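The structure appears below as C-alpha cells.
Throughout, read-outs are computed from the coordinates displayed, never taken from laboratory work. Owing to the predicted nature of the structure, the values given are computational and were not obtained by experimental measurement. Positions of Cβ are generated from backbone atoms using ideal geometry, with glycine treated the same way; all protein chains shown enter the neighbour counts.
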Amino acid sequence: MVRRVKLLRKRGFTRLSAKRQVTLPLHVVQQLGLQPGDELKVDTEDGRVVLARQEGVAARRLKAIHTLAGAISGVWRPGDLDRLRDQWR
C-alpha cells in the first residue's frame, strides 16, 4: 500500500493541481468575504496571476431590476391590477 503524505505549505501559498485548480487560503476567503458561487475574474499582470471579484450575471440582473422597478409610471391605472386579480380568482 502506497502512503501519500501531504506536504505542508507556508501561509498564503497554494499549488496548481493536475486539473489546473487552486485552493484559496482560508484567511484570503474570509478577508474578502467570498462565498461559494462568487465569480472571480482571472488575469495576469507582470508575470503574476490576479484574481478580482466580479459581479455575477444574477447580481447584475437583480441590480437592474431594483434600479428600474417603479420607473415606468402610467402603465397601469389605479385599480387595474385589482381588477385583474379578481378575474384570476
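Work out how much length D82 to R11 would gain on full extension: take 0.36 nm times their residue separation and subtract the Cα-Cα distance, in nm to one decimal.
19.5 nm
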**Q.** Whole-Å semi-axes of region 5-48's equivalent ellipsoid (Cα gyration tensor)
**A.** 19, 16, 12
Q: Among the chymotrypsin sites (Phe, Trp or Tyr not before Pro) in region 12-89, which ones are in a DSSP loop with at most 16 other Cβ atoms within 10 Å of the Cβ? Mind listing them?
A: F13, W76
Q | region 69-84 - phi-based ³J(HN,Hα) in whole Hz, Karplus 6.51/-1.76/1.60, Gly and Pro as x | A | 4, x, 7, 9, 9, x, 6, 10, 7, x, x, 4, 5, 4, 5, 4
Q | Cα Rg, Dmax (largest Cα-Cα span) when computed across the chain, Å | A | 24.5, 77
Q | Contact order relative to length of region 1-81, as percent, for alpha carbon pairs under 8 angstrom and 6 or more apart | A | 14 percent
Q.
Just want the answer: with Cβ charges of +1 for Lys and Arg and -1 for Asp and Glu, which residue in P78, L62, A18 is farthest toward the dipole's positive end in the chain?
A. A18
Q: Could you run the Karplus curve 6.51 cos²θ - 1.76 cosθ + 1.60 with θ = phi - 60° over region 15-23 and give me ³J(HN,Hα) per residue in whole Hz, x for Gly and Pro?
A: 9, 7, 7, 4, 8, 6, 9, 10, 10
Q: Provide the gained length on full extension for the span V28 to S73, in nm with one decimal, where the gain is 0.36 nm per separating residue minus the Cα-Cα distance.
A: 11.6 nm
Q. Between Q21, Q54, Q31, which gets the highest mean-square fluctuation from a Gaussian network model of the chain, Cα cutoff 10 Å?
A. Q21
Q. Which value in deg cm²/dmol, rounded to the nearest 500, describes the helix-derived mean residue ellipticity at 222 nm for the chain, given -39,500 (n - 2.57) per DSSP H run of n ≥ 4 and division by the residue count?
A. -9000 deg cm²/dmol
Q. Taking the Cβ-Cβ separation of K63 and D43 as r and a Förster radius of 25 Å, what is the calculated FRET efficiency to the nearest 0.05?
A. 0.60
